[in-house]
Every structure is written in structure tokens, then in C-alpha cells.
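Accompanying notes for the structure given below.
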Amino acid sequence: MNQYVTGAVIKELREKYHLTQAELAERLNVSDKTVSKWETAKGYPDISLLESIAKIFDISVTELISGNAVSNGNVSANMMRSKFYVCPVCGNSIHSMGEAVIQCHGLILTPCQDEETDENHMIFIERVEDEYYIRIEHDMTKQHYISFIAALSSDRIQMVKLYPEGNAEARVKINGVRKILFYCNRDGLFSIKPVKGIDDRRTSYDDTKERRELEEVAKMLFK
Ligand SMILES: [Fe+2]
């Protein structure tokens with residue numbers, strides 16, 4: 001976290017709000033030269049001005065100082081906009097219904113961007129009664145492993161913590177699940193829409209008996 005508001009943050013916010021240096025200066029009762037000085041790192045705004053600056057940009061003083069402005073609408077409106085934050089130092093995994101400024105081990109965490117599953121992170125999803133049985137084909141060593149699986153629906157999240165030496169699998173209630181995500185400690189966050197995993201038999205994501213048998217044969221051949 002920054003120790004104090006930086007010129008770059010002021011400039012970014014000013015431009016976002018389409019204000020000129022002179023306009024911002026006028027609203028703060030300082031000269032436009034002063035604003036220019038802040039933005040070129042030749043001086044800092046006096047502490048008595050921080051509250052006014054934050055107010056103009058509709059953020060909190062903490063956000064102004066940290067340089068992380070959060071603009072969430074009604075975050076409780078849709079769980080599908082969930083964000084995941086993972087600390088690279090300790091692996092702490094945090095779920096948030098919208099963006100947040102989250103710190104762990106002195107680092108400001110950025111929300112993980114989920115990517116489509118790839119050939120090194122294949123997911124197999126099977127319906128078992130009212131549950132999805134989810135399995136990820138991946139190492140589970142201390143160095144490289146899947147650390148959690150999460151299933152998102154519009155009103156809930158089911159998050160299962162996984163451990164190295166365990167299996168990369170989880171069971172979740174199907175009820176309303178629209179997105180399944182999992183996190184690899186080295187390669188980041190992956191996601192899939194469960195319908196694709198189950199219904200698209202032509203892709204490699206299916207989990208038919210035949211395919212499993214083929215996988216077993218392949219394992220024996222290539223081990
Ligand atoms: Fe990985």
C-alpha cells in the first residue's frame with residue numbers, strides 16, 4: 001500500500017472525471033500550479049485536503065491513499081459477478097461478491113481473472129443424483145496443485161478447499177450452478193460452464209465410460 005496519495009492517482013482520477021487541472025484546483029481552493037506539482041511528483045497535497053479530494057472523486061480517503069478505487073454497483077445483486085483473491089505468499093483464498101481492496105501478507109491482492117480450461121487443466125464433470133462430481137486432471141504435489149474448486153449460482157457459492165497429496169475432486173449440489181471454477185497455485189483461475197462439460201460429447205470434456213477406459217489405457221501406455 002502507498003503511504004500517501006500519489007500524483008499518478010490524482011491524475012488518473014482527474015482524467016476519469018474529465019476535470020482539467022484548473023477545474024480541480026478551483027474546487028480545492030488551490031492554484032492549478034499546485035495540482036500540476038502533485039501530478040508530477042514535486043509535492044504532496046496537504047493532509048487537510050485529502051477528504052475534499054476523496055469527496056470530489058466519490059471514493060474514501062483509504063482508497064485515495066492506496067490507489068485502489070472500488071466502484072461496485074449493487075454487489076449483492078448477482079453472485080455471478082463474484083471475485084476471487086489469492087495471496088501468492090500463503091495461498092489464502094478470498095471470495096468477494098464484488099471488487100474489494102484486500103490485503104494479505106502486506107500485498108494488495110488483485111482479483112483473479114478466470115481463463116477457459118486448457119489441456120493441462122482439464123475438468124470432468126459428472127452428474128450423480130443431485131450433485132456434480134467434479135474431477136480435475138492435474139498434479140497434486142506441494143509445488144503444483146489445485147487449491148480450491150468453487151461452484152457459483154446466482155444466490156450461492158459452494159467452495160471446496162483441496163490439499164496437496166489429496167485428490168483434485170469435489171462434489172457440489174447441482175441446484176442452479178452456472179459456473180464452476182478451480183484454482184491452480186501456479187497457473188491461476190480456470191472456469192467452465194457446467195453444461196458444456198456435460199453435454200458437449202464431442203469435446204474432450206465428456207466423461208463417458210468409454211472415455212475413462214481410453215484414459216486408463218493411455219496412462220498405461222505412456223507412464
Ligand atoms: Fe497447473
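Assorted remarks:
- Among residues of region 170-196 that are free of Cβ contacts under 8 Å to residues at least 40 places away in the same chain, those with a Cβ under 7 angstrom from a residue that is within 14 Å of the ligand (Cβ to nearest atom), sequence gap 6+ or separate chain, pair up as 170/149.
- Residue within region 160-168 that is in contact (Cβ under 8 Å) with a residue 60 or more places away in the chain and within 22 Å of the chain's Cα centre (by Cα) present: yes
- Residue that is surrounded by the most Cβ atoms within 10 Å (Cβ to Cβ), among those in region 146-164 that are within 16 Å of the ligand (Cβ to nearest atom) and not in a strand (DSSP E or B): 162
Quick grid of which residues meet (1) farther than 16 Å from residue 187 by Cα; (2) touching a helix residue (DSSP H, G or I) at 6+ places or on another chain (Cβ under 9 Å); (3) not in a strand (DSSP E or B):
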{"position": "65", "(1), (2), (3)": "yes, yes, yes"}
{"position": "70", "(1), (2), (3)": "yes, yes, yes"}
{"position": "85", "(1), (2), (3)": "no, no, no"}
{"position": "108", "(1), (2), (3)": "yes, yes, no"}
{"position": "123", "(1), (2), (3)": "no, yes, no"}
{"position": "144", "(1), (2), (3)": "no, no, yes"}
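- Filtering region 106-133 to residues that are surrounded by 12 or more Cβ atoms within 10 Å (Cβ to Cβ), more than 16 Å from the ligand (Cβ to nearest atom) and over 19 Å from residue 94 (Cβ atoms) leaves 125, 126, 127, 131, 132, 133.
- Look at region 20-45: where a residue is without any contact (Cβ under 8 Å) to a residue 60 or more places away in the chain and a partner is hydroxyl-bearing (Ser, Thr, Tyr) and part of a helix (DSSP H, G or I), sitting 6+ places away or on another chain with Cβ atoms under 7 Å, you get 21/36; 25/34; 28/52.
Values quoted throughout were computed directly from the atomic coordinates according to the rules given, and no laboratory measurement underlies them. Note that the structure is a prediction, hence the values are computed from the model and not measured. Using ideal geometry, Cβ is built from the backbone for each residue, glycine included, and neighbour counts are taken over all protein chains shown.
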